[in-house]
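Please read the structure below before turning to the comments.
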Amino acid sequence: MQIPLTSFVDFVLKSGRPKMTCAKNIKIQMQQEYDPATDYYKRFREAVQTLHAEDKPKNELANLIGELPANKHENFARMIEGYKKFLGKKEVEWLSPKREIWKHGNLEIPINPELYVKLNDQKHLIKLYMKAEKPSKDKVASILALMKHTISGRGMIYSVLDVRNSKLYTYDTAMDVLMTLVEGEANSLELMLNKI
């Protein structure tokens, strides 16, 4: 059973009835085929990857995204400004993306950070967080712990970038304690998915 990382982490951090609702939504999501037309952030992710893969200046980001429907203008404008602010004057070198699948029981969670880049000579594996609400510390720590335990790399810094707020969160060893919670919640989710 393959489940998107963000959906899984949302489940991990919920409790009580909202946890069951989250499991039901994941079950529905699993039964639907991926449709690029419903992937709200797809154009932003791809534009950021192209920006660095083709070594273009940061001011080209909006052009790479292209024309957007009216309902996306405000959100994408904030993400563009946030990402450009994050880049600032950093030297960026594109590296081949690293992706793996975290497996636990019958669950498979794709760990697919959007960026693997050198920022000022330090290798960063970066998951982009693009939602409007700020990510909680537990959400960031859970994602980073999963990234660290799934994708190995020497001298690599595991990071989550809150795009709109230009804030880069990085992994530290204190986050390892969350893996026990994550594994327990994976067991719980698998049980629920088999019963609902």
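General observations
- Flag for I109 being β-branched (V, I, T), part of a strand (DSSP E or B) and over 18 Å from R45 (Cα atoms): yes
- Across the stretch 166-196, the qualifying residues are those that are outside any helix (DSSP H, G or I) and of a type in the set (D, E, K, R), and the one among them that is farthest from the chain's Cα centre (by Cα) is D172.
- All conditions in (1) surrounded by 13 or more Cβ atoms within 10 Å (Cβ to Cβ); (2) out of contact with any strand residue (DSSP E or B) (no Cβ under 6 Å at 6 or more places or on another chain); (3) in a loop (DSSP other than H, G, I, E, B) hold for P135, with the sole exception of (2).
- Yes/no for S142 being surrounded by 14 or more Cβ atoms within 10 Å (Cβ to Cβ), in contact (Cβ under 8 Å) with a residue 40 or more places away in the chain and touching a Gly at 6+ places or on another chain (Cβ under 9 Å): no
- As a summary of the residue check, N165 satisfies the conditions (1) of a type outside the set (A, V, I, L, M, F, W, C); (2) open to solvent by 40 Å² or more (accessible area, probe 1.4 Å); (3) touching a His at 6+ places or on another chain (Cβ under 9 Å) except for the one numbered (3).
- Residue identified as at pLDDT 95 or above, within 23 Å of D39 (Cα to Cα) and open to solvent by 60 Å² or more (accessible area, probe 1.4 Å) among I126, I101: I101
- Subset of the stretch 21-46 [in contact with a Leu (Cβ under 7 Å, 6 or more places away or on another chain), open to solvent by 50 Å² or more (accessible area, probe 1.4 Å) and of a type in the set (A, V, I, L, M, F, W, C)]: none
- Some residue of the stretch 162-170 being at pLDDT 90 or above, more than 20 Å from V12 (Cα to Cα) and hydrophobic (A, V, I, L, M, F, W, C): yes
- Matching residues in the stretch 27-53 - criterion: being touching a residue at least 60 places away in the same chain (Cβ under 8 Å) and more than 17 Å from the chain's Cα centre (by Cα): K27, M30, H52
- Failed item in (1) open to solvent by 60 Å² or more (accessible area, probe 1.4 Å); (2) out of contact with any Leu (no Cβ under 8 Å at 6 or more places or on another chain), with E91 passing the rest: (2)
- Residue within the stretch 104-122 that is touching a residue at least 40 places away in the same chain (Cβ under 8 Å), over 17 Å from Q49 (Cα atoms) and hydrophobic (A, V, I, L, M, F, W, C) present: yes
The values are calculated or read from the model by the stated rules, or taken from the named source; none is laboratory data. The structure displayed is predicted, hence computed values, not measured ones. Note that we place each Cβ from the backbone using ideal geometry, even for glycine, and neighbour counts take in every protein chain shown. These accessible areas exclude ligands, DNA and RNA; they are computed on the full protein's heavy atoms, side chains included. Shrake-Rupley method; radii C 1.70, N 1.55, O 1.52, S 1.80 Å.
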